[in-house]
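Since the structure comes first, as structure tokens, the remarks are kept for the end.
The values are calculated or read from the model by the stated rules, or taken from the named source; none is laboratory data. Please read these numbers as outputs of a predicted model, since none were measured by experiment. Here the Cβ positions follow ideal geometry from the backbone for every residue, glycine too, while neighbour counts run over all protein chains shown.
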Amino acid sequence: MRIGITCYPGVGGSGILATRLGVEFAKRGHEVHFITYERPFAVQGNDQENVHIHLVNVLEYPLFKYPPYTVALGSEMARVAIQEKLDVLNVHYAIPHATAAYLAREITRVPYVVTLHGSDVTILGSDPSYQIVNNHSVERADAVTAVSEFMQREAYERLGLEREVKVIPNFVDTQVFAPAPCEAIERDCDKCGVIVHVSNFRPVKRVTDLVYAMSIVTKQEPEARLMLVGDGPDRHSVEKLIESLGLHSNVTLTGFRSDIPNLLRCSDIGVLCSETESAPLTLLEGMSTALPMIATKVGGVHEIINDGKNGLLVPPKHPEELAQAILRLYRDKKLRRILGEKARRTVLERYTADKVVNQYIETFESVSKTKG
Ligand code: GMT
């Protein structure tokens, strides 16, 4: 098939998922055209002849306080759809991509599939500033998919969608995120355990809760180490908190890293403490590496983690309970191993590319047949 993909190209989960999906389509022989404002971050190192990137040009003009990105994107989608004879457009994150796709379909008749990921439904989608136009654009799509049952429910309840929303889970490359010995990370102590967190440091990730939890953990386990991987808007407040709690010898901020699989392998416990999530990739990546994960019971997380079986769940915004869960795993190596092994098995059973990618292709085929 000839597939157009639009997403946010940065380090957000929806853009990473969309890009990895495009790469998987290309591996299976499809022609893939990314239409976005920047080269998608996750294409790096995955260059293939059948992956093409079309950058949207947003014309600046003195009269515009807000350059009309949706018009520019819709125009580029329509242009690429005609020029490349696309069979389908798949837009990740509804706002504003669904509206641009709706406009492009008016012109070209190329069908579009909207994939719902997170706050495009839970926060932004129900905001009066976007609701009417966004809802119309999603409701009129040729197909709508959501990355978790939670997201599907939210689409019905919060957006008030009346059409079918199909759940297609997120996936992870289980060969890249595979258990293996830790390489090239020097631990600064022999027996200390390493707790790892990977995120884009957005407020929703609540990284400061984890730092508070560490201040409780280190009172009982002074050797415990926390490695914070990634960067984003909350990094400064996290640094200030580490300083004020006197945790600088226990907590390391690595910034952005391209060797995440190795960092996960070199850790003993993974933590995701967000206040909301739909189907977090970082959780799947940790589990795929057989890292025992502790995550907050929010959104769609419990669809992935079965508490006490393949990971641990804790309530959100509760550093004390998070600290107790960390201490429990920190002291129980056997439990860590059991949870990690089961986590890997969960991923192999449900979240591999082979299990997920074809569900997208089937959806695309069904809408492009309708069009024909
Ligand atoms: O929803 C957002 O604001 C961000 C979005 C993104 O682009 O990272 O995240 C969502 O999509 C990811 C990919 O499906 C999921 O892994 C995340 O759980 C989800 N984030 C939230 O729901 C907060």
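In table form, for the structure just shown:
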| read-out | value |
| --- | --- |
| Selection from the range 83-100 of residues that are assigned to a helix (DSSP H, G or I) and either away from the ligand (no atom under 16 Å from the Cβ) or out of contact with any strand residue (DSSP E or B) (no Cβ under 8 Å at 6 or more places or on another chain) (or both) | Q83, I95, P96, T99, A100 |
| Qualifying residue in the range 105-116 (condition: of a type outside the set (D, E), in the same structural domain as V56 (by TED's automatic domain parsing) and farther than 19 Å from V367 by Cα) | no |
| Residues that are within 14 Å of the ligand (Cβ to nearest atom) and not in a helix (DSSP H, G or I), drawn from the range 190-230 | V198, S199, N200, F201, R202, R206, G230 |
| Out of T254, T282, T276, sole residue that is under 22 Å from the mean Cα position of the chain (by Cα), in the same structural domain as R345 (by TED's automatic domain parsing) and more than 16 Å from the ligand (Cβ to nearest atom) | T254 |
| Matching option when the condition is modelled with pLDDT of 95 or more and either more than 30 Å from L116 (Cβ to Cβ) or in contact with a Leu (Cβ under 9 Å, 6 or more places away or on another chain) (or both), among L283, L313 | L283 |
| Selected residue [polar (S, T, N, Q) and over 25 Å from the mean Cα position of the chain (by Cα)] from T99, T108, T122 | T108 |
| Selection from the range 292-304 of residues that are surrounded by fewer than 24 Cβ atoms within 10 Å (Cβ to Cβ) and away from the ligand (no atom under 12 Å from the Cβ) | K297, H302 |
| Test: R140 is assigned by TED's automatic domain parsing to the domain that holds N90 and over 21 Å from the mean Cα position of the chain (by Cα) | yes |
| Every residue from the range 305-331 that is touching a residue at least 60 places away in the same chain (Cβ under 8 Å) and either aliphatic (A, V, I, L, M) or not assigned by TED's automatic domain parsing to the domain that holds V271 (or both) | L322, A323, I326, L327, L329 |
| Subset of the range 128-140 [of a type in the set (A, V, I, L, M, F, W, C) and more than 16 Å from the ligand (Cβ to nearest atom)] | I132, V133 |
| Qualifying residue in the range 178-197 (condition: in contact with a Ser or Thr (Cβ under 9 Å, 6 or more places away or on another chain) and either hydroxyl-bearing (S, T, Y) or closer than 29 Å to A101 by Cβ (or both)) | no |
| Out of E49, E31, E38, E24, sole residue that is surrounded by fewer than 21 Cβ atoms within 10 Å (Cβ to Cβ) and touching a residue at least 40 places away in the same chain (Cβ under 8 Å) | E31 |
| Residue match in the range 113-127 (condition: assigned to a helix (DSSP H, G or I), more than 16 Å from the ligand (Cβ to nearest atom) and over 16 Å from E164 (Cβ atoms)) | no |
| Extreme residue, nearest to the ligand (Cβ to nearest atom), among residues of the range 142-179 that are among the β-branched types (V, I, T) and closer than 20 Å to R20 by Cα | V147 |
| Count of the range 233-258 residues which are in contact (Cβ under 8 Å) with a residue 40 or more places away in the chain and either surrounded by 14 or more Cβ atoms within 10 Å (Cβ to Cβ) or in a helix (DSSP H, G or I) (or both) | 1 |
| Lone qualifier among M214, M227 - being touching a Leu at 6+ places or on another chain (Cβ under 6 Å) and either of a type in the set (S, T, Y) or closer than 24 Å to V301 by Cβ (or both) | M214 |
| Residue among A26, A42, A18 that alone is out of contact with any Leu (no Cβ under 7 Å at 6 or more places or on another chain) and at pLDDT below 95 | A42 |
